[in-house]
Amino acid sequence: MGHANKIALHLAEHRASWPGKASVAEGCAMAVEGERRWVVYDDLDRDETDFEAIGAAFAATGAERSAPVGRGVGRLLRLRPLVAFAVDWMETHRGR
C-alpha cells in the first residue's frame, strides 16, 4: 500500500491553504438532545489524487524507510514531519 489512503494527508489538507480550496455539505445521523436527527455540516472537499505524489516526494527526502512485513511492505516514518511536508507541498502545487 502506498500513500493514497493516508489519513495524515487528510489532516494536511485541512491545515493547508491553496487556491480553490472548497467545502461541501455532508450529513449523518447524530444524537441531538437525546433524539436521533440528520445533521448537515460543512466539511472539506477532500482530494486524494495527489497523495501518491506527495508520499513519493516525502520518501525521496530520506525521511521514510520501508521493509517487507509478511506479504506486504511496511513504512516507517514520523507523522508530524509528513504532515508538515504535505502542507507545504499542497500550498505549492495545488490549484496552480
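The values are calculated or read from the model by the stated rules, or taken from the named source; none is laboratory data. Treat the numbers as computed from the prediction; the structure is a model and nothing was measured. Methodologically, a virtual Cβ is constructed for each residue, glycine included, from the backbone with ideal geometry; neighbour enumeration extends over all protein chains shown.
Each residue in the stretch 49-96 was checked for being of a type outside the set (A, V, I, L, M, F, W, C) and assigned to a helix (DSSP H, G or I), and 8 of them qualify.
In the stretch 51-93, which residue that is of a type in the set (Lys, Arg) and surrounded by fewer than 13 Cβ atoms within 10 Å (Cβ to Cβ) is nearest to Pro19 (Cα to Cα)? Looking at the filtered set, the residue picked out is Arg80.
Report yes if Thr49 is among the polar types (S, T, N, Q) and closer than 14 Å to His93 by Cβ, otherwise no.
So Thr49 passes the test.
Under the condition of being β-branched (Val, Ile, Thr) and out of contact with any strand residue (DSSP E or B) (no Cβ under 9 Å at 6 or more places or on another chain), which residue from the stretch 65-96 is modelled with the lowest pLDDT? The qualifying residue modelled with the lowest pLDDT is Val69. Within the stretch 25-48, being among the basic types (Lys, Arg) and part of a strand (DSSP E or B) holds for Arg36, Arg37.
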